[in-house]
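To keep things clear, I will list the structure first and then write my remarks on it.
The values are calculated or read from the model by the stated rules, or taken from the named source; none is laboratory data. The structure displayed is predicted, hence computed values, not measured ones. Cβ atoms come from the backbone with ideal geometry, glycine included; neighbour counts cover every protein chain shown.
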Amino acid sequence: MERTAPKQNELCGSWEMKEKLGMGGFGNVYLYQHLHTSEKIALKLCRLELSQKNKDRWSREIHIMKKLNNVNVVQAREVPEDLASIALNDLPLLAMEYCTRGDLRKMLNKPENCCGLKESEVLSLLS
């Protein structure tokens, strides 16, 4: 059976896919919410068409993300057991804390932010 990308409101165990948050260099990021606890996580799925070199880079990215522990960095989370089966290929998923205040890249792309943001503004976005 061919696996397909998650669809909005699709259930996977106790988790519901709420929306596609965006795209990264390696794949798509989706917002999932737990049905009973309302916990939200961002889940990044790696694209199917990556070269072997990029597959290795993807695995390294996950390894590094799991090691990072700083208030200025989005934290990696353990992939919930219910969601482990949605990978589109044999590559691992990356679960991250969900930052409710928006997309840092979109904020930085605004003309008024061409020289960057104050640290307090970035922390506000990540909280």
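Pull up region 88-112, narrow it to residues that are surrounded by 15 or more Cβ atoms within 10 Å (Cβ to Cβ) and among the aliphatic types (A, V, I, L, M), then point me to the one that is farthest from Ala42 (Cα to Cα).
Checked region 88-112; the qualifying residue farthest from Ala42 (Cα to Cα) is Met107.
Yes/no per residue for (1) at pLDDT below 95; (2) under 11 Å from the mean Cα position of the chain (by Cα):
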| site | (1), (2) |
| --- | --- |
| Ala5 | yes, no |
| Leu11 | yes, no |
| Lys18 | no, no |
| Gly22 | yes, yes |
| Lys53 | yes, no |
| Val71 | yes, no |
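Scan region 105-127 for residues that are modelled with pLDDT under 80 and small (Gly, Ala, Ser) and jot them down.
Those that are modelled with pLDDT under 80 and small (Gly, Ala, Ser): Gly116, Ser124, Ser127.
Are any of the residues in region 30-47 farther than 20 Å from Glu16 by Cα, in a loop (DSSP other than H, G, I, E, B) and either of a type outside the set (D, E, K, R) or without any contact (Cβ under 8 Å) to a residue 12 or more places away in the chain (or both)? Quick ask: steps written out before the conclusion?
Step one: list which residues in region 30-47 are farther than 20 Å from Glu16 by Cα, which gives 47.
If we keep only those that are in a loop (DSSP other than H, G, I, E, B) too, we end up with 47.
Those still in the list that are either of a type outside the set (D, E, K, R) or without any contact (Cβ under 8 Å) to a residue 12 or more places away in the chain (or both) too: none.
No, the conditions are met nowhere in region 30-47.
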